[in-house]
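The values are calculated or read from the model by the stated rules, or taken from the named source; none is laboratory data. This one's a predicted model, so the numbers in the text were calculated from it and none came from an experiment. When we count neighbours, we look across all protein chains shown, and the Cβ atoms used for this are built from the backbone with ideal geometry, even at glycine. Ligands, DNA and RNA are stripped out before the accessible areas are found, and what is left, the full protein with its side chains, is counted by its heavy atoms. Shrake-Rupley method; radii C 1.70, N 1.55, O 1.52, S 1.80 Å.
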Amino acid sequence: VGVAADGTVGKVERSGVSLIDSCCGSAIAASNYVKGITDGGAQINIRLQEFTDFQQQAVQELILPHGKRLSEAGDNRMVELPYALYESQDLLMGEIVQVGCNGIKRGLALLGGIQINTGPDTLDYFV
């Protein structure tokens, strides 16, 4: 998620770019897809996307179960979005580890969190 210097969540200043830009574009696109479905203006896309868009479709499908939660967040949708994405990815990683952990003999450590991107004059955060 991006946080601009003025505190706007979902936006960030970028070095060499004069305007404040959206951040993270993939998350925002997925949020807009889910918003269209939960608001009733769009339908779930069941056709296979082009291979180059496969990851974006996966992000959209992963947060689809959080549509009501994101809708209820109202003006705080962009604040709630990274948490919905994190929880979706945490479930996915848990499934991947469960399927693939049979050969592990000494344990496995997973580190997860939310990356907070800020402007070029500020430190980024990982929480």
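Within the set of pairs 6 or more residues apart or between chains, which connect a residue that is free of Cβ contacts under 8 Å to residues at least 12 places away in the same chain inside region 51-76 to a residue that is of a type in the set (D, E, K, R) and in a helix (DSSP H, G or I) with Cβ atoms less than 6 Å apart?
Ala73/Glu80
Looking at (1) without any contact (Cβ under 8 Å) to a residue 12 or more places away in the chain; (2) more than 12 Å from the chain's Cα centre (by Cα), which is the one condition that is false for Asn32?
The one condition Asn32 does not meet is (2).
Restricting to region 80-127, give me the number of residues that are loosely packed, with under 10 Cβ neighbours inside 10 Å, aliphatic (A, V, I, L, M) and in a helix (DSSP H, G or I).
So the count comes out to 1.
What are the residue pairs meeting all of these: first residue in region 90-119, first residue farther than 29 Å from Gly10 by Cα, second residue open to solvent by less than 80 Å² (accessible area, probe 1.4 Å), Cβ atoms under 8 Å, and 6 or more apart or on different chains?
If the second residue must be open to solvent by less than 80 Å² (accessible area, probe 1.4 Å), the pairs left are Leu108/Val97; Leu108/Cys101.
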